[in-house]
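K.L.:
Dumping the structure here so I can ask a few things about it.
Rule-based calculations on the coordinates, nothing more; no lab input. Given the structure is predicted, the values throughout are model-derived calculations rather than measurements. Positions of Cβ are backbone-derived with ideal geometry, glycine not excepted, and every protein chain shown enters the neighbour counts.
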Amino acid sequence: MSDKKKAGNLKSITKGNIKKPSVIKNNKPKSSPAFIIGFFIIFILLSCLLIFFLIRKNKSSDSQNSTKPDKTIHLTATKEPDRIIIENNSFSENNSKPKGNIPYKKKPAEKDNSHSNKYQYYSDKKETTKVSNFPNKFVSPAKEWQPINPGLRVATNNFKNLVYGGSPVTIQNLNILENLSYYSAYCERRKNPIWVAYRLDAHKGQNKLQRPPKFVTDFRTKSKVNQNIYAKTGYDRGHMCPNSAIAARYGKQGQMETFLMSNICPQKPDLNRKVWERLERLEEAYANKFGGIWVITGPIFDQHVELLNHQIEIPDAFFKILIDEDKGKVRVLPFIIPQNVTGKEILNEYLTSVDEIEKQTNLDFFNSMDDEYERKLESYVPGKTMWN
C-alpha cells in the first residue's frame, strides 16, 4: 500500500474519532458542599472538647490548692486533766467561724465565775493526736518578768516583808490579823480568811517539830470559830498558811499560829490531803531553789452559798499566787483549784492569771505597782513548765 493511501486512511480515522485538545473536558470528581461543612463541624467539636478538658483541669488543680491544709497546729483543751488535743485543721481568715477545735477567750463581759468554763470551742473534729501533760489552755503574750518599782517594795516592807505588794485592795469588810509568820484577812460574815500572805525563805533543814494536837480558836475574831464545828462534816480543816514549811522557818510559835481557826477553810479531803499538799511542797521547793518566795492564798466563793453546820461558808475553789523576785524583776505563778478534785490531777493544769483570780475574788493585788507593769504581770499565764 502506498504512503499516500496510508495517509488518507489515517486522516479519515482521526477525523471522526479524535477531538481537538481545546474542547476536551476534565472528568476528575469535585468535593461536594456537604463534605466541607461536615469537616468544619468535626473540627469545631474537637476544639470545644479540648478547651473543655483544659478548663476542667485548671479548676481541679485550683481546688486542690485551696483545700491543702497549712502547717499550723491548733491546741485545744479537753476535759481530761493531763491531755489536750492537737487539731491539724486549717481555717481561712475570710471565714467568720474557724474550722477545728480552736479555742478563743471570751470577752470580759461574757466571762462567768466557773473555773471549768473559761473557754468555748467550735466543734469540727477531724484527725486528732493526743499529747500528755500539757497543762494550760492559753499562754499570754505578756512577758514573765516585770520591773519592780520602789512603791512595790515599800508596800511589801510595810507588812514585815510578808505581804507582797501590801494588802490587796477590796471593798469587803475584813479583819486584818498580824502574826509572826503571816497575815490573815478574816471575813466575819463568811467565817473564812479571804486572803492569807506569807514569805518562805530558803531552808535546807528538816522540820522536826511535832504537829500540834488541836486547832485553836482565834479570839481576835468576833465569830470565834471552834474546831468542833468541823466534826463529822466530811470536810477537813484546810490550812491556808502551811504548817510544815512555817514550822521549819519560824519555829514553834510560827507553827502554832498556823493552827488558829482564822487560818482555816473547809476543804474536801481529796483536795486538802493530795492536790493542796502537793502545791505546798512545790512552793517550799521553789523557796529553797530561788532563795525565798512570797505566797498569797485564799478561798473563792460563787453565788450559791453552802454552809458548814449552818455557820461557815464553804468555798467553791481556792487560789494561790507564788511570787519570785530576781535582779530587780518579779514574776508570778497563779493557781485556781476547785474543791471537786479527785487528787490525781497534775498541778500545772490549774495555772491561770492574776487577772482571773481578781475577777473571781474581788481582790486587787499589787496595787502599788506601776500600772503598765501591773497589767502585764497580772495578765500573764505561765507555760507548761511552770518555773525553771
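K.L.:
Express in nm, to one decimal, how much length is gained between ARG189 and GLN206 on full extension, taking 0.36 nm for each residue of separation and deducting their alpha carbon distance.
P.N.:
Values: separation 17, 0.36 × 17 = 6.12 nm, distance 3.82 nm.
Between ARG189 and GLN206, full extension yields an extra 2.3 nm.
K.L.:
Starting from the Cα-Cα distance between LYS214 and ARG375, subtract it from 0.36 nm times their residue separation and give me the gain in nm to one decimal. Show your work: numbers first, answer last.
P.N.:
Values: separation 161, 0.36 × 161 = 57.96 nm, distance 4.23 nm.
Roughly 53.7 nm would be gained on extension.
K.L.:
Contact order normalised by length for the range 334-388, with contacts defined as Cα pairs under 8 Å and 6 or more residues apart; what percent is it? Mind showing how you got there, number by number?
P.N.:
On the way: 39 pairs, mean separation 21.7, N = 55.
After rounding, I find 39 percent.
K.L.:
What is the distance, in nm, between label points placed 7 Å from the Cα along the Cα-to-Cβ direction at ASN362 and at ILE42?
P.N.:
Output for this residue pair reads 9.3 nm.
K.L.:
What FRET efficiency do you get for ARG273 and ASP302 if R0 is 22 Å and r is their Cβ-Cβ distance, rounded to the nearest 0.05? Spell out each step's value before the answer.
P.N.:
On the way: r = 24 Å, r/R0 = 1.07.
Computed FRET efficiency for ARG273 and ASP302: 0.40.
K.L.:
What distance in nm separates the simple spin-label points at ASN173 and MET386, each placed 7 Å from Cα in the Cβ direction?
P.N.:
Label at ASN173, label at MET386, 3.9 nm between them.
K.L.:
Can you give me the distance in nm between label points at GLN253 and HIS310, each placed 7 Å from the Cα along the Cα-to-Cβ direction?
P.N.:
4.1 nm
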